[in-house]
Amino acid sequence: MKISLYLLSVLILLPVSLQDPSPEVKKPTRAHAELTNHGFPIGLLPLSVNDYFLNQTSGDFSLFLNGACKITLPPDNYIATYSNKVTGRISQGKIAELQGIRVRAFFKSWSITGIRSSGDNLVFEVAGITAKYPSKNFDESLDCEGKRSSS
């Protein structure tokens with residue numbers, strides 16, 4: 001009788017202990033998939049993308065976040081601020097006319113106006129100059145406030 005009560009209590013408590021107590025993990029969105037379709041890593045966008053529109057003919061896009069978002073960009077730990085709306089034009093290996101992403105560097109906030117994929121590197125256009133970083137630094141999409149996704 002003791003054994004059967006013990007087994008019964010284990011079976012009742014088992015489903016409770018198997019539940020994952022961690023909060024819901026955000027997954028990459030359709031906008032992230034669109035980046036990879038055009039030769040970019042998903043880590044160029046934070047996980048907080050709420051909605052996304054793309055004109056398949058022109059490449060013009062708008063994406064909307066759940067409010068402004070700050071993340072720390074690898075590898076140099078620059079702070080990037082995404083507006084709640086980011087717009088631009090995407091084509092294979094190139095994002096142009098980019099608006100809505102600013103990066104803090106050299107004690108000033110600069111707009112990122114374009115991004116190109118060049119082999120294993122990404123070339124960021126900021127204030128008429130370019131900076132090159134390995135694409136692999138952007139393989140993971142970050143959550144706002146600089147936390148890495150655990151997906």
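A short reminder: the numbers here are calculations on the coordinates, not readings from a lab. Given the structure is predicted, the values throughout are model-derived calculations rather than measurements. Please note: Cβ atoms are built from the backbone with ideal geometry, for glycine as well, and neighbour counts cover all protein chains shown.
Considering every residue within the range 42-62, establish whether at least one is in a strand (DSSP E or B), touching a residue at least 60 places away in the same chain (Cβ under 8 Å) and touching a helix residue (DSSP H, G or I) at 6+ places or on another chain (Cβ under 8 Å). There is no residue in the range 42-62 that is in a strand (DSSP E or B), touching a residue at least 60 places away in the same chain (Cβ under 8 Å) and touching a helix residue (DSSP H, G or I) at 6+ places or on another chain (Cβ under 8 Å). Do you know which residues across the range 109-133 are hydrophobic (A, V, I, L, M, F, W, C) and over 17 Å from the mean Cα position of the chain (by Cα)? Scanning the range 109-133 gives TRP110, VAL123, VAL126, ALA127, ILE129, ALA131. Among all residues of the range 90-103, there is at least one that is at positive phi and either touching a helix residue (DSSP H, G or I) at 6+ places or on another chain (Cβ under 9 Å) or touching a residue at least 40 places away in the same chain (Cβ under 8 Å) (or both).
Residue check: is LYS85 farther than 18 Å from LYS136 by Cα, out of contact with any strand residue (DSSP E or B) (no Cβ under 9 Å at 6 or more places or on another chain) and among the charged types (D, E, K, R)? In short, no.
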